[in-house]
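Student: Can you read through this structure? Questions will come right after.
The values are calculated or read from the model by the stated rules, or taken from the named source; none is laboratory data. These numbers were taken from a predicted model, which means no experiment stands behind them. Methodologically, a virtual Cβ is constructed for each residue, glycine included, from the backbone with ideal geometry; neighbour enumeration extends over all protein chains shown.
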Amino acid sequence: MTHRALKSGIEVLDDTVTFFECTPAFISLPCEKLRRTQGKQFNYKIVSALMNLRNDLTKQEKEESLKICKDIIENFREDL
């Protein structure tokens, strides 16, 4: 594995960990970064699956986080 590939892989893991540790109030930051770095493959289905793995949030917090991420994904522009 090249240094560049290793760095890229570690960055994705770091972003994913941040997504899992983030509060609903700040979930937009890791969600937007993952969308920017992973592209269209980071979609609502993936966000929903990741959110279901979080057992630290209440049902209401998960719904709030999903809504925020859904808005980000739907309004994301590749050219920014």
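Student: Listed residues GLU61, GLU32, GLU21; which is among the charged types (D, E, K, R) and over 13 Å from the mean Cα position of the chain (by Cα)?
Tutor: Criteria check complete, one pass: GLU61.
Student: Further, regarding this structure: Restricting to region 25-52, and then to whatever is part of a helix (DSSP H, G or I) and among the aliphatic types (A, V, I, L, M), can you tell me which residue is surrounded by the fewest Cβ atoms within 10 Å (Cβ to Cβ)?
Tutor: ALA49
Student: On to the next question. Can you pull out the residues in region 53-64 that are surrounded by 14 or more Cβ atoms within 10 Å (Cβ to Cβ) and either over 25 Å from GLY9 (Cα atoms) or in contact with a Lys or Arg (Cβ under 6 Å, 6 or more places away or on another chain) (or both)?
Tutor: Those that are surrounded by 14 or more Cβ atoms within 10 Å (Cβ to Cβ) and either over 25 Å from GLY9 (Cα atoms) or in contact with a Lys or Arg (Cβ under 6 Å, 6 or more places away or on another chain) (or both): LEU57, GLU61, LYS62, GLU64.
Student: While we're here: Which of (1) in contact with a helix residue (DSSP H, G or I) (Cβ under 7 Å, 6 or more places away or on another chain); (2) charged (D, E, K, R); (3) at pLDDT below 95 is the odd one out, the single condition LYS62 does not satisfy?
Tutor: So the condition that LYS62 fails would be (3).
Student: Of all residues being exposed (fewer than 15 other Cβ atoms within 10 Å of the Cβ) and not in a helix (DSSP H, G or I) in region 65-80, which is modelled with the lowest pLDDT? Just the residue, please.
Tutor: If we take residues in region 65-80 being exposed (fewer than 15 other Cβ atoms within 10 Å of the Cβ) and not in a helix (DSSP H, G or I), then LEU80 is modelled with the lowest pLDDT.
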